[in-house]
Amino acid sequence: QENVLLAGGWLEGYMTAVNQLMPKTFDIAPWQNTDTVLALVKHNCERNREQRFFAVVTAMIEFLAQNRLQEQSDRLLAEADGQRVMIYGQIMRDVQQRLIDKGLLQGNADGQFGSKTKAALQEFQKKENIQVTGLPDQVTLWRLLSDQPAPPPGNAPAPSGDPPSQ
């Protein structure tokens with residue numbers, strides 16, 4: 001457990017450095033939380049046992065860079081049924097656009113979390129057979145924003161196409 005906390009702290013610091021040093025990068029992991037990033041690293045370390053830890057982290061950063069947040073964006077609070085999720089306004093716009101593209105949300109992607117966005121997220125979650133929260137949680141964001149079919153065990157993303165854990 002202590003090693004996991006140490007790895008999480010190290011990864012957060014490393015990603016902060018990446019945010020500062022990578023051109024056109026405000027946040028390398030704009031919707032992935034620390035637990036998700038740790039699970040991604042763990043999953044890929046297990047799949048690539050011959051690779052050193054830093055090589056796996058470097059590959060993860062390259063993977064995450066495809067969908068990084070390039071410019072500053074205000075964060076907003078999405079709340080439903082006593083649960084809360086902080087999300088960048090730009091990521092919320094991306095979520096809404098994907099929901100619009102899927103025919104689950106009408107109107108324009110305004111980056112706000114309201115009752116229509118919540119209902120569209122709930123419908124998407126039902127269709128994907130994932131926990132229905134109405135929130136842009138980690139699994140929902142993975143399914144909406146990733147080009148990968150499903151998160152691996154532990155609900156964290158990995159570029160592997162493993163079956164969902166739910």
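The values are calculated or read from the model by the stated rules, or taken from the named source; none is laboratory data. Values in this document were obtained by computation on a predicted structure and should not be read as measured data. FYI the Cβ positions are ideal-geometry reconstructions off the backbone, even for glycines, and counts take in every protein chain you see. SASA here: full protein model, heavy atoms, side chains in, ligands and nucleic acids out. Shrake-Rupley method; radii C 1.70, N 1.55, O 1.52, S 1.80 Å.
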Quickly run through segment 81-115 and pick out the residues that are part of a strand (DSSP E or B), aliphatic (A, V, I, L, M) and surrounded by fewer than 17 Cβ atoms within 10 Å (Cβ to Cβ). Met86
Cβ pairs under 7 Å, 6+ apart or interchain, first in segment 116-130 and open to solvent by 50 Å² or more (accessible area, probe 1.4 Å), second part of a helix (DSSP H, G or I) and modelled with pLDDT under 95, ordered by first then second residue, are Glu128/Arg143
Looking only at segment 58-67, decide whether some residue is open to solvent by 70 Å² or more (accessible area, probe 1.4 Å) and over 13 Å from the mean Cα position of the chain (by Cα). yes
The conditions are (1) part of a helix (DSSP H, G or I); (2) within 19 Å of Val139 (Cα to Cα), and Ala78 fails exactly one of them. Which is it? (1)
Could you say whether any residue in segment 16-37 is open to solvent by less than 40 Å² (accessible area, probe 1.4 Å), over 19 Å from Trp142 (Cβ atoms) and in a loop (DSSP other than H, G, I, E, B)? yes
Whichever residue in segment 1-15 is part of a helix (DSSP H, G or I) and open to solvent by 100 Å² or more (accessible area, probe 1.4 Å) and, among such residues, is nearest to Leu69 (Cα to Cα): Trp10
Output the qualifying pairs, or none if there are none: Cβ atoms under 7 angstrom, residues six or more apart or on different chains, first residue in segment 69-93 and of a type in the set (Val, Ile, Thr), second residue not in a strand (DSSP E or B). Val85/Leu135; Val85/Pro136; Val85/Asp137; Ile87/Trp31; Ile87/Pro136; Ile91/Pro30; Ile91/Trp31
Given (1) over 27 Å from Met15 (Cβ atoms); (2) in contact with a strand residue (DSSP E or B) (Cβ under 9 Å, 6 or more places away or on another chain); (3) of a type in the set (Asp, Glu), number of the condition Asp74 does not satisfy: (1)
